[in-house]
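The values are calculated or read from the model by the stated rules, or taken from the named source; none is laboratory data. Not measured: the values here are computed from a predicted model. We place every Cβ from the backbone using ideal geometry, glycine too, and count neighbours over all the protein chains shown. For the accessible areas, the whole protein counts, side chains as well, though only heavy atoms, and no ligand, DNA or RNA atoms are used. Shrake-Rupley method; radii C 1.70, N 1.55, O 1.52, S 1.80 Å.
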Amino acid sequence: MQEYISKQQQILRPAGQIYAAMSRFDNLTPALADKVEQWHADEEHCSFKVKGFTVRLRMSERVEPKHIKIEADEAGAPFDFAFWIQLHEVSQSDTRIRLVLHADLNMMMRMMLGGKIREGLDKAVETLAASFNAAPVF
């Protein structure tokens, strides 16, 4: 599996508050329901459609307030992967967040998507940090 790591971003909130908001898929419904097709979520699982593919995810590991691990659920993605949200609390009002993707991509997919995956992770972590820094946590 290849590893792709986002840059680290600062969120001006306690890690526990960020963890509480992100450790349940149903908490993400307000932010994601209108961004993807057929969004369905409960605490442990979610599914949605992207470019005609149905993706099914599950929360596979949680260590409060340090990290959340998400994996494909029952052939719920076109390739095997594990996605980590890592939180490091520097102080009560300063948490650093990083996204890590472990993906099992063939050589052709690595060449075509490798740089785009890292760019996507960087954009996603920037958006997450900006959202948490700008608005109250749901």
What tally of residues in segment 78-92 results from selecting those that are within 18 Å of residue 3 (Cβ to Cβ), surrounded by fewer than 17 Cβ atoms within 10 Å (Cβ to Cβ) and small (Gly, Ala, Ser)? 0
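Are any of the residues in segment 100-107 acidic (Asp, Glu) and either in contact with a Pro (Cβ under 6 Å, 6 or more places away or on another chain) or farther than 15 Å from residue 83 by Cβ (or both)?
no
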Would you list the strands (runs of 3 or more DSSP E) that sit entirely within segment 44-138 and hold 3 or more residues that are aromatic (Phe, Trp, Tyr)? 81-91
For segment 103-116, check the following and say yes or no: at least one residue is out of contact with any Leu (no Cβ under 9 Å at 6 or more places or on another chain), open to solvent by 70 Å² or more (accessible area, probe 1.4 Å) and under 14 Å from residue 6 (Cα atoms). yes
Inside segment 6-29, can you point out the residues that are open to solvent by 60 Å² or more (accessible area, probe 1.4 Å) and either part of a strand (DSSP E or B) or touching a Phe, Trp or Tyr at 6+ places or on another chain (Cβ under 6 Å) (or both)? 10
Failed item, numbered, when residue 43 is tested on (1) surrounded by fewer than 17 Cβ atoms within 10 Å (Cβ to Cβ); (2) of a type outside the set (Ser, Thr, Tyr); (3) over 15 Å from the mean Cα position of the chain (by Cα): (3)
Quick check, is residue 95 of a type outside the set (Gly, Ala, Ser), more than 18 Å from residue 3 (Cβ to Cβ) and open to solvent by less than 20 Å² (accessible area, probe 1.4 Å)? yes
